[in-house]
Amino acid sequence: IQLEDLGFVWDANVDTWEESFAALEAYMKVHGHCRIPRGYKQNGIDLGQWISAQRQTKDEMPPEREQQLNDLGFVWNAIVEQWLEGFTALEEFKEEHGHCRVLRSYKHNGFNLGMWVKNRRSEKDEMLPEQKRQLEGLGFVWDAITEKWEAGFAALKAFQEANGHCSVKQGQRYSGQNLGSWVNTQRRLKDKIPPERIKRLDDLGFV
């Protein structure tokens with residue numbers, strides 16, 4: 001009785017579970033979600049591995065533990081969680097940069113957002129309609145070639161606003177783009193460029 005009055009736990013497994021749950025709860029309070037990066041540790045607890053174990057043993061889990069996790073907003077489906085992690089990262093990228101043009105090598109807080117974006121394009125036909133709507137609501141461009149053109153145009157527009165002209169030197173980089181090369185490509189392919197793109201370039205004073 002004296003030990004139990006102190007909160008002593010007889011079952012070591014219960015004690016370990018509660019410690020891990022407390023670590024997850026603390027993480028959620030700081031980050032606002034339970035999407036733990038793989039390999040993440042808190043207070044010496046491998047929280048990423050613990051979460052994986054909870055998903056694998058869900059069917060054998062006591063109802064009260066399952067409820068505790070549900071109350072915390074825990075996502076049982078790892079595929080759904082990966083989608084949420086990627087979409088949240090893309091939302092934050094859009095908020096910071098004003099667009100969804102993510103370079104393939106770009107990482108957002110350790111998350112490989114560039115690769116996630118690439119995979120969404122390649123899996124477009126298998127995606128849920130709601131997921132497509134969410135991406136399109138952010139201004140997501142499914143065609144990587146179109147996105148590349150838009151990235152070049154955005155860099156040229158920024159260059160024009162900063163310098164008052166579109167005379168970009170050959171090989172010149174601007175806003176993370178090889179703008180000199182992009183400009184030369186537009187001139188070389190002028191006869192194949194859609195009229196609406198020609199108009200946008202003309203409106204900038206492009207020669």
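Quick one: how many residues across segment 79-97 are among the aliphatic types (A, V, I, L, M), surrounded by 18 or more Cβ atoms within 10 Å (Cβ to Cβ) and out of contact with any strand residue (DSSP E or B) (no Cβ under 6 Å at 6 or more places or on another chain)? Let's see the steps before the verdict.
We begin by selecting, within segment 79-97, every residue among the aliphatic types (A, V, I, L, M); these are 79-80, 84, 89-90.
After this cut, where a residue has to be surrounded by 18 or more Cβ atoms within 10 Å (Cβ to Cβ) as well, the list is 89-90.
Pick out the ones that are also out of contact with any strand residue (DSSP E or B) (no Cβ under 6 Å at 6 or more places or on another chain) and you get 90.
Matching residues across segment 79-97 total 1.
Results for (1) open to solvent by 70 Å² or more (accessible area, probe 1.4 Å); (2) at pLDDT 90 or above; (3) out of contact with any Asp or Glu (no Cβ under 8 Å at 6 or more places or on another chain), shown as yes or no for each residue.
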site: LEU135; (1), (2), (3): no, yes, yes
site: ALA151; (1), (2), (3): no, no, yes
site: PHE159; (1), (2), (3): no, yes, yes
site: SER167; (1), (2), (3): yes, yes, yes
site: SER181; (1), (2), (3): no, yes, yes
site: ASN184; (1), (2), (3): no, yes, yes
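Would you check which residues across segment 56-101 are among the charged types (D, E, K, R) and assigned to a loop (DSSP other than H, G, I, E, B) and list them?
Narrowing segment 56-101 to residues among the charged types (D, E, K, R): 58-60, 64-66, 71, 81, 85, 91-92, 94-96, 101.
Within segment 56-101, just ARG101 meets the criteria.
Starting from residues that are closer than 17 Å to TYR40 by Cα and among the polar types (S, T, N, Q), keep the ones in segment 50-87 and report whichever is farthest from the chain's Cα centre (by Cα).
GLN54
Could you check GLY139 against (1) assigned to a helix (DSSP H, G or I); (2) closer than 30 Å to ILE79 by Cα and say which number it fails?
Among (1) assigned to a helix (DSSP H, G or I); (2) closer than 30 Å to ILE79 by Cα, GLY139 violates only (1).
Scanning for something on the phi > 0 side of the Ramachandran plot, at pLDDT 85 or above and open to solvent by 50 Å² or more (accessible area, probe 1.4 Å), does segment 101-115 turn up at least one residue?
Step one: of segment 101-115, the residues on the phi > 0 side of the Ramachandran plot are 109-110.
Next cut, at pLDDT 85 or above only: none.
Looking for residues that are on the phi > 0 side of the Ramachandran plot, at pLDDT 85 or above and open to solvent by 50 Å² or more (accessible area, probe 1.4 Å), one finds none in segment 101-115, hence no.
How many residues does segment 17-39 hold that are surrounded by fewer than 17 Cβ atoms within 10 Å (Cβ to Cβ) and part of a loop (DSSP other than H, G, I, E, B)? Working first, answer last.
First pass over segment 17-39, keeping only residues surrounded by fewer than 17 Cβ atoms within 10 Å (Cβ to Cβ): 18-19, 22, 25-26, 28-33, 37-39.
Of the ones still in play, those that are also part of a loop (DSSP other than H, G, I, E, B) are 32-33, 37-39.
Here the count works out to 5.
As an exercise: evaluate GLY86 against (1) among the small types (Gly, Ala, Ser); (2) out of contact with any Phe, Trp or Tyr (no Cβ under 7 Å at 6 or more places or on another chain); (3) under 17 Å from HIS33 (Cβ atoms) and give the number of the one condition it does not meet.
Among (1) among the small types (Gly, Ala, Ser); (2) out of contact with any Phe, Trp or Tyr (no Cβ under 7 Å at 6 or more places or on another chain); (3) under 17 Å from HIS33 (Cβ atoms), GLY86 violates only (2).
For segment 117-134, name all the residues that are closer than 15 Å to VAL80 by Cβ, under 13 Å from the mean Cα position of the chain (by Cα) and of a type in the set (A, V, I, L, M, F, W, C).
If the condition is that a residue be closer than 15 Å to VAL80 by Cβ, under 13 Å from the mean Cα position of the chain (by Cα) and of a type in the set (A, V, I, L, M, F, W, C), then no residue fits.
Report yes if ARG65 is out of contact with any Lys or Arg (no Cβ under 7 Å at 6 or more places or on another chain), farther than 30 Å from GLN177 by Cα and not aromatic (Phe, Trp, Tyr), otherwise no. Step through it out loud before you land on a result.
Working: out of contact with any Lys or Arg (no Cβ under 7 Å at 6 or more places or on another chain): yes; farther than 30 Å from GLN177 by Cα: yes; not aromatic (Phe, Trp, Tyr): yes.
Spelling it out, ARG65 is indeed out of contact with any Lys or Arg (no Cβ under 7 Å at 6 or more places or on another chain), farther than 30 Å from GLN177 by Cα and not aromatic (Phe, Trp, Tyr).
Cβ-Cβ under 7 Å, sequence separation 6+ or interchain: first residue in segment 18-40 and without any contact (Cβ under 8 Å) to a residue 60 or more places away in the chain and over 12 Å from SER52 (Cβ atoms), partner part of a loop (DSSP other than H, G, I, E, B) and open to solvent by 50 Å² or more (accessible area, probe 1.4 Å). Which pairs?
Here the result reads ALA23/ASN43, each pair linking segment 18-40 to a residue that is part of a loop (DSSP other than H, G, I, E, B) and open to solvent by 50 Å² or more (accessible area, probe 1.4 Å).
For segment 162-203, which residues satisfy the criterion of being closer than 15 Å to GLY152 by Cα, among the polar types (S, T, N, Q) and part of a helix (DSSP H, G or I)?
Listed by number, the residues that qualify are SER181, ASN184, THR185, GLN186.
Looking at (1) crowded, with 17+ Cβ neighbours inside 10 Å; (2) assigned to a helix (DSSP H, G or I); (3) free of Cβ contacts under 8 Å to residues at least 24 places away in the same chain, can you tell me which one ALA53 breaks?
In the conditions (1) crowded, with 17+ Cβ neighbours inside 10 Å; (2) assigned to a helix (DSSP H, G or I); (3) free of Cβ contacts under 8 Å to residues at least 24 places away in the same chain, ALA53 misses (1) alone.
The values are calculated or read from the model by the stated rules, or taken from the named source; none is laboratory data. Owing to the predicted nature of the structure, the values given are computational and were not obtained by experimental measurement. All Cβ positions, glycine included, derive from the backbone under ideal geometry; neighbour counts span all protein chains shown. The accessibility values were calculated without ligands, DNA or RNA, using every heavy atom of the protein model including side chains. Shrake-Rupley method; radii C 1.70, N 1.55, O 1.52, S 1.80 Å.
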